[in-house]
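Shown next, in structure tokens, is the structure this report addresses.
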Amino acid sequence: MKNKHYKRKPGDFEIRILNSGKVIMITPDEALMEIARVVEPNNCALPPQMEIKDVGRPTSKTN
Amino acid sequence: MNDMDSVAHKKAFERIKTAREALANCNLCPRQCGVDRTAGEKGYCGLDDTIRCFRELVYYGEESELIPSHQIHFAGCNLRCEFCVVSEWNEEPSAAEEINFDDTAKKISERQSQGAKTLNLLGGEPAVNLHGVLELLSRLDSGIRVVWNSNMYYNDIVDKLMAGLVDVYLADFKCGNNNCAEVLLGARNYIEVVKHNILNAVKNADVIIRHVVIPGHSKCCLKPTFEWLAAEIPDVKLSLRGNYVPPVSATSAPKEYLKPDDMQCAVELAGNMRLKLVK
């Protein structure tokens, strides 16, 4: 394991898994939020399934 | 509330020229870099006059009265918060794609038809992208509630050119004193500037003060913030956020996550001061 921490670059996504088992997705895009919804369907910060249809792909180069 | 009506569109259009002219000797924020962004020079925020967007999406994690909220993330910021979760885009805004205003305006309509209740202008920081924000607002053809999701660290020209175009100021109040602000945010005179702009915002539109609870900064940041709100604008809405993410290579920012007790104490303190908490 490297001693130096990795620094996020534009276009990266960061997911942290804490000792408690909690998973943190840092500023996810829609695709990552959809994954999060599947993992944790009752999280109110995530889009409800019925409303995520036909949202299209985000236009930025991050995706 | 204007909900971006036709008068607001016209106002936005008329102000673009003034906003662009301000870039020639940029003093949009208290950094007062004085660079000529129209000639390709870049100041502290790293922006010339090109407007770049690094993400747009419908987000459900904002305050309940704002969701579903269509977020437009402008690249570039005039703060360097050590705990920023999009710092990579603020340090390197030129990595983001240049915005296409017409396409983005169409996207805003699409997102509205998909259920978005608000248009959420954020970053980075929208204030240092002022002329781009106005360009975008001038192109909208349907009423939508406009949310100015800002660090509030900007000069009066921003306030003047956005007056009447904002329905909700989602206003960060990050630190309760200038020492913490200088260390954590890299900002001088933070308190004076942010208080001034928040008081102006309250005169013009609905305001939600957003405070991220920072571990270990209860006495120095959270309490003074609450005290000021209680004394000056006791009826303002306050949103406490428990989503502090410790940076992996922090030098000054706390390295631990917020504990549930910390959040509970913050909520209780707000309640004791009769502040109007919103979720």
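The values are calculated or read from the model by the stated rules, or taken from the named source; none is laboratory data. Small disclaimer: the values here were computed from a predicted structure and weren't measured. Don't worry about glycine lacking a Cβ; one is built from the backbone with ideal geometry, like all the others, and counts go over all protein chains shown.
What residue, among those in region B:98-125 that are of a type outside the set (A, V, I, L, M) and part of a loop (DSSP other than H, G, I, E, B), is surrounded by the fewest Cβ atoms within 10 Å (Cβ to Cβ)?
Ranking the candidates gives B:Asn100 first.
Determine which member of the set B:Val128, B:Val202 is under 12 Å from the mean Cα position of the chain (by Cα), assigned to a helix (DSSP H, G or I) and of a type in the set (Val, Ile, Thr).
B:Val128
If I filter region B:203-222 down to residues being over 19 Å from B:Asn178 (Cα atoms) and surrounded by fewer than 17 Cβ atoms within 10 Å (Cβ to Cβ), which single residue comes out as modelled with the lowest pLDDT?
So, considering only residues that are over 19 Å from B:Asn178 (Cα atoms) and surrounded by fewer than 17 Cβ atoms within 10 Å (Cβ to Cβ), the one modelled with the lowest pLDDT is B:Asn204.
Residues B:Leu47, B:Leu23: which one is in contact with a Ser or Thr (Cβ under 6 Å, 6 or more places away or on another chain) and touching a residue at least 24 places away in the same chain (Cβ under 8 Å)?
B:Leu23
Considering only residues that are within 20 Å of the chain's Cα centre (by Cα) and among the aliphatic types (A, V, I, L, M), look in region B:223-252 and name the one that is modelled with the lowest pLDDT.
Going through the qualifying residues, I end up with B:Val245.
Scan region B:50-60 for residues that are assigned to a loop (DSSP other than H, G, I, E, B) and free of Cβ contacts under 8 Å to residues at least 24 places away in the same chain and jot them down.
Matches in region B:50-60: B:Tyr60 only.
For region B:29-48, give me each residue that is closer than 24 Å to B:Thr104 by Cα and surrounded by 18 or more Cβ atoms within 10 Å (Cβ to Cβ).
Within region B:29-48, B:Arg37, B:Cys45, B:Gly46, B:Leu47, B:Asp48 qualify.
Yes or no: B:Ala253 in a loop (DSSP other than H, G, I, E, B) and crowded, with 19+ Cβ neighbours inside 10 Å?
Answer is yes for this residue.
Collect the residues in region B:63-97 that are surrounded by 20 or more Cβ atoms within 10 Å (Cβ to Cβ), in a helix (DSSP H, G or I) and touching a residue at least 60 places away in the same chain (Cβ under 8 Å), keeping them in residue-number order.
B:Leu66
Looking at this structure, is B:Lys106 within 12 Å of another protein chain (Cβ to nearest Cβ) and either β-branched (Val, Ile, Thr) or more than 16 Å from the chain's Cα centre (by Cα) (or both)?
For B:Lys106, the condition - within 12 Å of another protein chain (Cβ to nearest Cβ) and either β-branched (Val, Ile, Thr) or more than 16 Å from the chain's Cα centre (by Cα) (or both) - is met.
Considering each residue of region B:140-192, count those that are charged (D, E, K, R), under 27 Å from B:Asn100 (Cβ atoms) and loosely packed, with under 15 Cβ neighbours inside 10 Å, and give that number.
1
Take region B:256-279 and flag every residue that is assigned to a loop (DSSP other than H, G, I, E, B) and either buried (at least 17 other Cβ atoms within 10 Å of the Cβ) or basic (Lys, Arg) (or both).
Listed by number, the residues that qualify are B:Tyr257, B:Leu258, B:Lys259, B:Arg274, B:Leu275, B:Lys279.
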